[in-house]
Structure formats: C-alpha cells, structure tokens
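So the structure is just underneath, and the comments pick up after that.
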C-alpha cells in the first residue's frame, strides 16, 4: 500500500504545483484584458517559461525550456511555506479517487497546513492583512456548517473527512428551504474567501510566490470537494474505467477554473475599489455570509 501511495504522491505534487501556477496565469491574462493591457501568454504569466533560458552551446534549447515546469514544482518544496502548502494536497481526494493520505479529520488538517504555510511565508515579508488570518474564521464557519450537515443527515463516512463529501454531495441532503439557503450562503462565503489568496506575483523570492499560488489552489480544491464534487459518473450516469479516467482531469479542471475565476474577480474588484478595499469587501462579505449561513444550517 505504501509504495502505491508514494508513487501517487510523486505524480500528484508536481501536478498540483503546475496547476497552481497555470490557474494564476489564466487569472493574470483575464485581469490584463480588463485593464486594457496586452495580455501575456499564459505560460509566461504563470511563470512556467522564461525567454531567457540559457543552455550549453550546440544543445537543444527546447529541453531546457521544458525543464521550467519541473523547476516550478521543485521550487514549491524548497521552502517550509511551499512544502506545507503542497502537503495539503495529500489530504484532498482528486474527484472519486482516494486521497494519498486521507484521514477522518481532513477538513481540519488542510486549513491548518495552509495557515502554517501562510505564517511561514510571511516571515520577513510584507503581508497584506487578509493574507493570513483574514480567511481563518470564515473558513472555520464554512467547514463547521458542512460537517454539521454531514453529521446530522448521517452521510456515510467521517463528517470531518473530505471523502464523505466526495462520495455523496452535501446538496443531496439539503432538504428544506432554510437548510438549502444556509448551504448556499456558506458556499458563497467560500467563493469570496478564495480571492483573499494572492496570485503569487508580489515581490519576493520565487519559492514564496510559488507557495502563494499553491495555497490559493489548495483552498479552491477544498471548496470544489465540498460544494462541487460532481464527477464524470454523475454527469454521464454510468460507471466503468473510462468514467473513472475522466474523473481526474474533471476535478483538476474544475479546481483550476475556480481558482482562476477567483483571481480574475479580485483583479476586477481591485480596479474599482483598490486592492485593500477589495480585500476588506471580500472578507466582510465572506464573514457575514458564513455566519448567517451557519446559523441557518444549525437551526434548520
């Protein structure tokens, strides 16, 4: 079992690192278009390629350019902050596939790892007020509400583990208007929390920027697992190897799009309000929706 898990981790971690940078690159392209500036290619915006790649004379430069994506994943684990952010993906089930290190308390472990990663990443760096603690309380309310529903409705599995939400969507047990409204509010709060995670383009070491990107993607993956776990099996209402094979790219596609949309939304909001006021708006809205939704869920 452990050799299989180790092999899965070796495949997963570089994929997560590249997906994080790609999602941020897409968001930057969208923001550039909104500003009326010429958008950079996604690979350049994500930091996946460099025009200044230098190799030995007479060698094939394409091999050195191809090494850039691999360097991004290695960069991500070169610091404590990046390593902790990347480790959170080991507890996230990619679609219907089991997590590499799934536990009964995944939704506690993942935010804890991201919080520690943010704390390690702010050492010696100027950090916006919302980058570390701004999302902690709303996330706690969102995760607590989802776990409460899973426990009260007897969803199969541990109510604090992500596998229970992936196996059966929390929306399928949201009987009653009050509970459905409560879940909708906490899902909206989760969507507003995502823009609080930076796109990883601030000044600072490359490893720190990679860690910023990964924290945002990990939170997006957590939100997708909780509130949008729909798989190929659900969409086509059939099983088999083909549906299982489609489930993995479907999960990563949803996660990258959610992260990119959150980054683009924050970029658009920053154009109108400024970065600081935009962050305050997202935090205040997320906190209000999370608390109101949590109360509705608890009283339903």
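By average Cβ neighbour count within 10 Å, what is the ranking of 14-22, 91-99 from highest down? Don't skip to the end; give the middle numbers.
Values: 14-22: 23.4, 91-99: 20.4.
Order by mean packing, descending: 14-22, 91-99.
Provide the packing ranking of 183-190, 147-154, i.e. peptides ordered by the mean count of other C-beta atoms within 10 Å per residue, highest first. Could you put the intermediate results ahead of the total?
Values: 183-190: 23.2, 147-154: 16.8.
The most tightly packed comes first, giving 183-190, 147-154.
For the peptides 206-216, 110-120, what is the packing order when you average, over each peptide's residues, the other Cβ atoms within 10 Å and list the highest mean first? Show your work: numbers first, answer last.
Numbers: 206-216: 26.2, 110-120: 20.0.
With the highest mean Cβ count within 10 Å placed first, the list reads 206-216, 110-120.
Just so you know, all these numbers are worked out from the coordinates, no wet-lab data involved. Here the structure is a predicted model, which is why all the values come from computation and not from measurement. Cβ atoms come from the backbone with ideal geometry, glycine included; neighbour counts cover every protein chain shown.
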